[in-house]
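What follows is calculated from the coordinates using simple rules that are stated; it is not laboratory data. Keep in mind it's a predicted model, so treat the numbers as computed, not measured. Glycine also receives a Cβ, built like all others from the backbone with ideal geometry; neighbour counts cover every protein chain displayed.
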Amino acid sequence: MIRALDDRVVAITGAGSGIGRALAIECARRGAHVALSDVDADGLDVTAATAREHSIVRVTTTIVDVTDSDAVAAWAQQTNSGFGRVNAIINNAGIALGADVVEMKLTDFRQVMDINFWGVVNGTTSFLPLLEASGEGHVVNISSVFGLLGIPSQAAYNSSKFAVRGYTEALRTELDIADSCVSATTIHPGGIRTDIARNAISFPDEIDPEEAATQFEQLARTTPDQAARWILGAMLKNKRRALIGPDAHVFDVAARVSPRGAQWLIGRLAGRARENNVAIV
């Protein structure tokens, strides 16, 4: 498996901001060439410019909608041709949605699944043969602490992140059985100080989106830079999964020790939050 990043080629989706940007910069700082994609051209340009400041590595940017399987496949082939190989794909692109099941628009639900889950599938299946051909490769798929426990108003996001978890865990086992030169890691970030809440599709009617985003940013304890270092460390150590941030460890313990108790407590806390018009993000 990949044991170092120096002179490796890493492809990253959702690289225009947040964790994706931090991953790109940290990879470049460690000597890796990076192929970056996002739907945000301006954000990609900022990320690329910053990554180039850290090392004399090659950096490419491509506008890619991860829900478009053909576009992702074309980007994978373009990356492989341009760099001569690809050693890792980090499927990071994602979007949030705050809505109760009874109020949720199915179009919004499908959009969350298309980006958060099918984007991961498209990235994995497009890059996997290329990683195999490189002789050493890794698939890193970003789930969430919301892939460990179900949270009120987060049914769509929960569904996508639980799906990423199951998909990646199955993939990892298949690669182990095949004694492949490629491995896979599931990442479960807790609250990371990014714009994911600010860019959410919607919130329940009683929640002010700007206030919800501000609350999330105040509560998030982990910076994108910290998250990037932990994620890359997990990949280089070939971990099956990694919990990012102290709150992620709390979620994990609750889910394993007392799932019923955790669900009851979350329900109580969510009810109180609703009474005070506080969003759960």
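Remarks
- Angle in degrees between helix 246-257 and the longest Cα principal axis of the chain, rounded to the nearest 10: 70 degrees
- Sorting Asp7, Asp68 from the fewest to the most surrounding beta carbons within 10 angstrom yields Asp7, Asp68.
- Note on the chain: with charges restricted to the Cβ of Lys and Arg (+1) and Asp and Glu (-1), its dipole about the Cα centre is near 1060 debye.
- Residue order, fewest to most surrounding Cβ atoms within 10 angstrom, among Arg256, Arg241, Arg21, Arg221: Arg256, Arg221, Arg241, Arg21
- Between the range 117-160 and the range 1-23, the alpha-carbon center distance in angstrom: 15 Å
- The chain, helix-only ellipticity at 222 nm - DSSP H runs n ≥ 4, -39,500 (n - 2.57), divided by all residues, nearest 500: -16000 deg cm²/dmol
- Across the chain, the relative contact order, built from alpha-carbon pairs under 8 Å that are at least six residues apart, equals 19 percent.
- 0 to 90° range, to nearest 10: angle between helix 41-54 axis and the chain longest Cα axis: 60 degrees
- Principal-axis tilt of helix 224-236 within the chain, Cα atoms, nearest 10 degrees: 60 degrees
- Proximal charge balance of Asp6 [Cβ under 15 Å; K/R count +1, D/E count -1]: +3
- Footprinting exposure proxy ranking of Trp75, Trp264, fewest other C-beta atoms within 10 angstrom first, gives Trp264, Trp75.
- Spin-label model distance (nm) - Asp7 vs Leu269, 7 Å beyond Cα toward Cβ: 4.8 nm
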